[in-house]
1. Per residue, how much space in cubic angstrom lies within the convex hull of the C-alpha atoms of the chain?
2. For the peptides 58-70, 4-16, what is the packing order when you average, over each peptide's residues, the other Cβ atoms within 10 Å and list the highest mean first?
3. Dipole size in debye (nearest 20) for the chain around its Cα centre, Lys and Arg Cβ +1, Asp and Glu Cβ -1?
4. If R₀ is 30 angstrom, what is the calculated FRET efficiency for the pair ARG64 and ASP21, using the beta carbon separation as r and rounding to 0.05?
5. When ligands, DNA and RNA are left out and all protein chains stay put, how many square angstrom of accessible area per residue does the chain have with a 1.4 Å probe?
6. Would you work out which of TYR17, GLY40, ILE1 lies farthest towards the positive end of the dipole of the chain, given +1 charges on the beta-carbon of Lys and Arg and -1 on that of Asp and Glu, about the Cα centre?
7. Over the chain, what is the relative contact order in whole percent, taking alpha-carbon pairs under 8 Å and six or more residues apart?
8. Using only the alpha-carbon atoms of the range 1-40, report the extent along each of the three principal axes, biggest first, to the nearest angstrom.
Amino acid sequence: ILPYRTFNHGPATSFYYEDHDGNLVEMSAANFEREADFLGYFQTAAFKKNPAGIPIDAADYLRRYRAGEPLASITRIPE
């Protein structure tokens, strides 16, 4: 099962799936280990410039994650 859309929203990353009946599912995970960092993201220039986030390539995201790249590097949104 492959996602039809993947998005880094800044505070969280989401993979979106759709079944053959058109039902949608969003699998989302926080991009920060600490709640203070998660909440602090809403005060950053990156969030203020683009509160929706950016589309990402699911295969590249997983490759980088499996290679051991730090989560902060994988999920960083350019300011």
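The values are calculated or read from the model by the stated rules, or taken from the named source; none is laboratory data. This is a predicted model, so every value here is computed, not measured. Note that each Cβ is placed from the backbone with ideal geometry, even for glycine, and that neighbours are counted across all protein chains shown. Surface areas here come from the heavy atoms of the whole protein model, side chains and all, with no ligands, DNA or RNA. Shrake-Rupley method; radii C 1.70, N 1.55, O 1.52, S 1.80 Å.
1. 92
2. Highest-to-lowest ranking by the protection proxy: 4-16, 58-70.
3. Using only the charged Cβ atoms, the result is roughly 340 debye.
4. FRET efficiency, ARG64 to ASP21: 0.40.
5. Per residue, the chain has 72 Å² of solvent-accessible surface.
6. So the residue we want is GLY40.
7. 32
8. Projected onto its principal axes, the Cα set of the range 1-40 covers 39, 13, 12 Å.
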